[in-house]
Amino acid sequence: MKKWCIAMGCVLCLCAVIFWCGRIYSVNAAHTSEMVTYDVGETVDLEGIEIKCVEAHIFSVDEYKKNFNVGSVDVLYPNDKLLCACINVKNTGDTALGWSDVIDGMCQGFQSVTWGSAADPFATQSVNVFTSDDLAPGADQDIWFTTMLSNIAFSRHTWEHLDEEEFYFVPVLEPVQIQMKLDVQK
Amino acid sequence: MKIYGFEMGRAFRNAWFVASVAMGTAIGIADCMLCVRQYRNIGEKALIQTWLGTDYQFAYNSLFYVLLPLIACLPYAGSCFTDMKSGYERNICVKTSRLSYMAAKAVSVAASGAASVAIPLLVNLFVCAGLYPNKLPDKLSFLYAGIIDCDMFPRLFALHPVGYCLVFTLLDAVFGGLLGLVAMCVARWSGSRFSTIMGPFALYVFTGVIFEGDGTGTWSAMDMVNPLQNVVVYRYQMVTMYVGVCIIPLLLIYMWHRRRDIL
């Protein structure tokens, strides 16, 4: 009787495990990838605006100051770097778009396979010059976005080989995440 | 070799092993149930967010990793003390050498400790895998464990989350086994089975708090074995800790038992 009970228990456990394996398969089969990757130079259509990366750089603090002619930069450590991307935005709709809506709708941050950081729209406030209150239909504008690359967020090996890393600009997170590969100029 | 099988049998066929695994599994299931209650929509969450090791939302991760030494030592680590006090080891040592007995004891203590840590983590992973899809972690939504480039195994976490879970399960299991060896050492100076089991726990919590560090590198084992990696751990620190926790107890056990008069 005891052996029979043990055998039955084992059979029941096995059935439960097989059932759960089936469930694991179905849960993962129903799930689809939620990320679309665009290659360097490709244009991304975001319902009403088209965006395209014009250029991207990794600057040291001094290089950043010199390049953008700014007085101070907000970094954690003096040897931190800044990842900058110039994005061309074009209004493909038939109504003018306010700059806040444009920027909110097209910039979530930057990421690589092992790192991610939100873009800081205020950091490039003095760099970006807007000549009108909104983006008129058919008009386009280059906008710089930047984020800090702090050395404490990277392993020593990655930090020393940052130029070998692949960085992406992420304009949208939901419902499908979009990432645009950056051609970071050395 | 017979002594190894005999000690393994004692280690795995006892109520304390079942109780220890049940305790760990209960923590994992409670975490899973809380996740299901909070997030009924399966699409909202990912497996790597809900696995006990990388779930930072609820207290169960901390509970499991604080209790890890108890879970590891409860099954069989205390037997070193009880065998000594009850005179059981004398009966064993008339049939086999003292060294073989201690080696078999060490292996079975380590194996039972490793298994009692690994089983709850694997069961939890298996249960969660049937509830939530194995989505890749999204770094910019900040809803996942913050494993980035400076942490250990960031690429594995980003590209193969289940692999990350399995690697940390293995590391935790090895650490559980080593804690069993520490308990065997403690048995030399402890006055009861309870203190033999509680010794590694006290050491783990005490050093865990003391050596937490300043966020850039830590010597706290409690932080090292937690897959959440709340504090940056350098690989050399982890290797040093594992080698140290392995060699020191083995050395002490050998030195103590080499001349001890069992018979």
* Asked: How many Lys pairs in chain A lie less than 28 angstrom apart by Cα atoms, where the lysines are 8 or more positions apart or on different chains?
  -> 17
* To do: Could you run the Karplus curve 6.51 cos²θ - 1.76 cosθ + 1.60 with θ = phi - 60° over region B:181-193 and give me ³J(HN,Hα) per residue in whole Hz, x for Gly and Pro?
  => 5, 4, 4, 4, 5, 4, 4, 4, 10, 7, x, 7, 4
* Structure fact -> For chain B, the dipole about the Cα centre with charges only on Cβ (Lys and Arg +1, Asp and Glu -1), to the nearest 20 debye, works out at 1080 debye
* Could you list log10 I(q)/I(0) for region B:2-258 at q = 0.11 Å⁻¹, which the Debye formula gives when each Cα is one point scatterer? -> -0.61
* Once the dipole of region A:1-107 is set up with Lys and Arg at +1 and Asp and Glu at -1 on Cβ about the Cα centre, which of A:Cys107, A:Trp20, A:Thr32 lies farthest towards its positive end? -> A:Trp20
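Just how large is the dipole of region B:61-170 about the Cα centre, in debye to the nearest 20, putting +1 at every Lys and Arg Cβ and -1 at every Asp and Glu Cβ?
Values: 8 positive and 5 negative charges, 83 e Å.
The calculation lands at about 400 debye.
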* Structure fact -> A:Asp74 neighbourhood, Cβ < 11 Å, K/R = +1, D/E = -1, net charge -2
* Considering Cα pairs under 8 angstrom that are at least six residues apart, work out the relative contact order of chain A and quote it in whole percent. => 28 percent
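Name the longest site-free stretch of chain B, where the excluded sites are trypsin sites (Lys or Arg not before Pro) in a DSSP loop with no more than 10 other beta-carbon atoms within 10 Å.
Details: sites that count: B:Arg13, B:Arg40, B:Arg259.
Looking at chain B, B:41-258 is the longest stretch - no exposed trypsin sites (Lys or Arg not before Pro) with at most 10 other Cβ atoms within 10 Å.
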* Angle, helix B:15-38 long axis vs. longest principal axis of chain B, Cα atoms, 0 to 90°, nearest 10? -> 10 degrees
* Asked: Which net charge results when you count Lys and Arg as +1 and Asp and Glu as -1 among the other residues whose beta-carbon is under 13 Å from that of B:Phe64?
  -> -3
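What is the sum of charges, Lys and Arg at +1 and Asp and Glu at -1, for the other residues whose Cβ falls under 15 Å from the Cβ of A:Asp142? If you can, show how the numbers build up before the last one.
Details: positive: A:Lys52, A:Lys90; negative: A:Glu50, A:Glu55, A:Asp140.
Neighbour charge sum, excluding A:Asp142 itself: -1.
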* Taking A:Ile24, A:Ile6 and counting other C-beta atoms within 10 Å, the order from fewest to most -> A:Ile6, A:Ile24
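Defining a contact as two alpha carbons under 8 Å apart and six or more residues distant in sequence, what relative contact order in percent does chain B show? If you can, show how the numbers build up before the last one.
On the way: 389 pairs, mean separation 66.6, N = 263.
Relative contact order comes out at 25 percent.
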* Asked: In region B:2-258, with Lys and Arg counted as +1 and Asp and Glu as -1 at Cβ, which of these residues, B:Tyr101, B:Ile210, B:Thr240, has the Cα nearest the positive end of the dipole, that is, farthest along it?
  -> B:Tyr101
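Read-outs: derived from the displayed coordinates by stated rules, not from any lab. Keep in mind that this is a model prediction, so the values were computed, not measured. Note that we place each Cβ from the backbone using ideal geometry, even for glycine, and neighbour counts take in every protein chain shown.
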